[in-house]
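One structure is given here, and the rest of the page talks about it.
The values are calculated or read from the model by the stated rules, or taken from the named source; none is laboratory data. Owing to the predicted nature of the structure, the values given are computational and were not obtained by experimental measurement. Here Cβ is always computed from backbone atoms with ideal geometry, including for glycine, and neighbour counts include all displayed protein chains. Just so you know, the surface numbers come from the protein's heavy atoms only, side chains and all, with ligands and any DNA or RNA stripped out. Shrake-Rupley method; radii C 1.70, N 1.55, O 1.52, S 1.80 Å.
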Amino acid sequence: MTIKLLTQMLEQVEYVHVLIKQSAEELSAVSTGLKHALANSDLPPEVKSALDKNAAVITQLQYASEKLTAVNQALHIQVRDRTMVDHQLAAAVEQEEGSRSAALHDKLTALPNRALFEDRLEHGIAQAKRHRWILAVMFVDLDEFKTINDTYGHQAGDAVLQAVAQRLKHNTRSNDDTVSRFGGDEFLCVLTQLHAQNDIAMIAAKILKAIQAPCEVRVGDVIIHPCLDASIGISMFPKDGASAAELIKRADEAMYGAKENKTGFAFAQ
């Protein structure tokens, strides 16, 4: 039985209890008044019988009122205990969901971690097979990130990673694509429902432009403006691989090619 139903029942019982109690009090007052009014009269048998029955009804109503009081108390306990259990269950579910989310997301950026990314990539591959879409994996590596850490400190480096994570999210489709922090200064993106390589190139160029945009980072009381850039390697399903591991490996290789040739982004060969 739900809390809502228990509460409704309790309200109904309390309402009936009040009516019975009021009826008993009113009948008792009427009976007492009649007895006082007729105290010096020789009552006919039928009047005396009616008064006796009235007294019996008052006794029954008082008994019913006492029983309803006990029922009310029991229902109050049920509602209290059930509410407590529901709150405990809700807290346990929230804690479990929080633990599950923490296990599947990067602590610093709140992006999906490697395990969740690979799971979503495998799902995307299955969907691409079914619908004959092109799927792309982008391996994004920040250029000269170590210099930022060495120059400004790890707190600044963490702030930069958080800023880049937001830029990647804002420049991909939130419902269909997944952005992940793969580790260190490396990010992965899976792009789905694509139809041509030119579409992928346009998205890569858009992401690069977003990363290269001016960046303002506060470190304590100091504001710094690090220059950001990245190299992106791109692999495509089904051309470059049929599994998550293959596509990530080919995108990683392409990223090193882009970094070496300073082309910004490169497709797997």
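Summed over region 32-49, the residues that are assigned to a helix (DSSP H, G or I), open to solvent by less than 70 Å² (accessible area, probe 1.4 Å) and at pLDDT 70 or above give a count of 2. The sole residue among THR147, THR109 that is touching a strand residue (DSSP E or B) at 6+ places or on another chain (Cβ under 6 Å) and either in a loop (DSSP other than H, G, I, E, B) or open to solvent by 10 Å² or more (accessible area, probe 1.4 Å) (or both) is THR109. Of the strands (runs of 3 or more DSSP E) lying entirely inside region 221-269, the ones with 1 or more residues being within 25 Å of ASN113 (Cα to Cα) are found at 230-237, 265-267. Among the residues making up region 229-248, those that are open to solvent by 10 Å² or more (accessible area, probe 1.4 Å), over 33 Å from the mean Cα position of the chain (by Cα) and either under 30 Å from HIS154 (Cβ atoms) or among the acidic types (Asp, Glu) (or both) are ASP229, ASP240.
Tallying residues that are open to solvent by less than 20 Å² (accessible area, probe 1.4 Å), in contact with a Ser or Thr (Cβ under 8 Å, 6 or more places away or on another chain) and either farther than 21 Å from GLY153 by Cα or modelled with pLDDT under 95 (or both) within region 182-225 yields 5.
No other residue among LEU142, LEU104 is at pLDDT 95 or above and open to solvent by less than 100 Å² (accessible area, probe 1.4 Å) apart from LEU142. Name every residue in region 123-148 that is β-branched (Val, Ile, Thr) and farther than 14 Å from VAL164 by Cα, in order of residue number. Selection gives ILE125, ILE134, VAL137, THR147.
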